[in-house]
1. Which of (1) exposed (fewer than 12 other Cβ atoms within 10 Å of the Cβ); (2) closer than 25 Å to Asp102 by Cα is the odd one out, the single condition Gln50 does not satisfy?
2. It is to be established whether one or more residues within segment 34-43 are touching a His at 6+ places or on another chain (Cβ under 7 Å) and surrounded by 12 or more Cβ atoms within 10 Å (Cβ to Cβ).
3. Could you please give the count of residues in segment 54-96 that are of a type outside the set (Phe, Trp, Tyr) and either under 22 Å from Ser43 (Cβ atoms) or touching a Gly at 6+ places or on another chain (Cβ under 8 Å) (or both)?
4. Within segment 89-103, is there a residue that is at pLDDT below 95 and of a type outside the set (Lys, Arg)?
Amino acid sequence: MEASRNRSLVGNNRALEMNHEDDDGEDVAAVAVEDVEVWDTLSNGFKRAQLFLDQNRDLIQRVNENHMSRIPDNVARNVGLINEINGNIFRVMEIYSDLSVDLAKNFDQRRRTAKNGDTTTTTTGSYGGKRSPCGS
């Protein structure tokens with residue numbers, strides 16, 4: 001299931017990288033490369049977010065174990081664990097926000113490009129791997 005999900009996120013757009021124009025005169029190869037970049041950006045962002053979500057699952061399990069033990073030291077550790085969970089949630093929100101901004105910029109750029117008849121567009125990611133997947 002995971003392999004098919006990855007395939008659908010990345011897509012088979014690489015097969016479209018042909019050097020010809022479609023009916024509108026748009027360079028299909030340029031669009032296909034942009035599509036691959038967009039899908040790769042989304043896929044990488046979702047993978048980064050999933051790392052934080054997986055880490056939170058483990059942290060929540062530890063919080064529950066500490067709570068159930070009713071040992072004062074364990075319960076006291078929950079404060080730090082809950083703070084870490086909150087930090088991870090913030091990072092996931094940042095990742096999703098960055099993805100949203102990147103996607104909106106890409107669509108806006110394509111809309112303007114199509115309106116102007118220019119077929120030489122490029123995409124840029126605002127985070128492009130600059131943050132570590134599980135670090136600050």
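1. (1)
2. First, the residues of segment 34-43 that are touching a His at 6+ places or on another chain (Cβ under 7 Å): none.
Checked against the condition, which is being touching a His at 6+ places or on another chain (Cβ under 7 Å) and surrounded by 12 or more Cβ atoms within 10 Å (Cβ to Cβ), segment 34-43 yields no hits at all.
3. Going through segment 54-96, the residues of a type outside the set (Phe, Trp, Tyr) turn out to be 54-89, 91-95.
Checking which are either under 22 Å from Ser43 (Cβ atoms) or touching a Gly at 6+ places or on another chain (Cβ under 8 Å) (or both) leaves us with 54-57, 88-89, 91-95.
Of the residues in segment 54-96, 11 are of a type outside the set (Phe, Trp, Tyr) and either under 22 Å from Ser43 (Cβ atoms) or touching a Gly at 6+ places or on another chain (Cβ under 8 Å) (or both).
4. Scanning segment 89-103, I find at least one residue that is at pLDDT below 95 and of a type outside the set (Lys, Arg), so the answer is yes.
The values are calculated or read from the model by the stated rules, or taken from the named source; none is laboratory data. As the structure is a computational prediction, the values presented were derived from the model and not from experiment. Note that each Cβ is placed from the backbone with ideal geometry, even for glycine, and that neighbours are counted across all protein chains shown.
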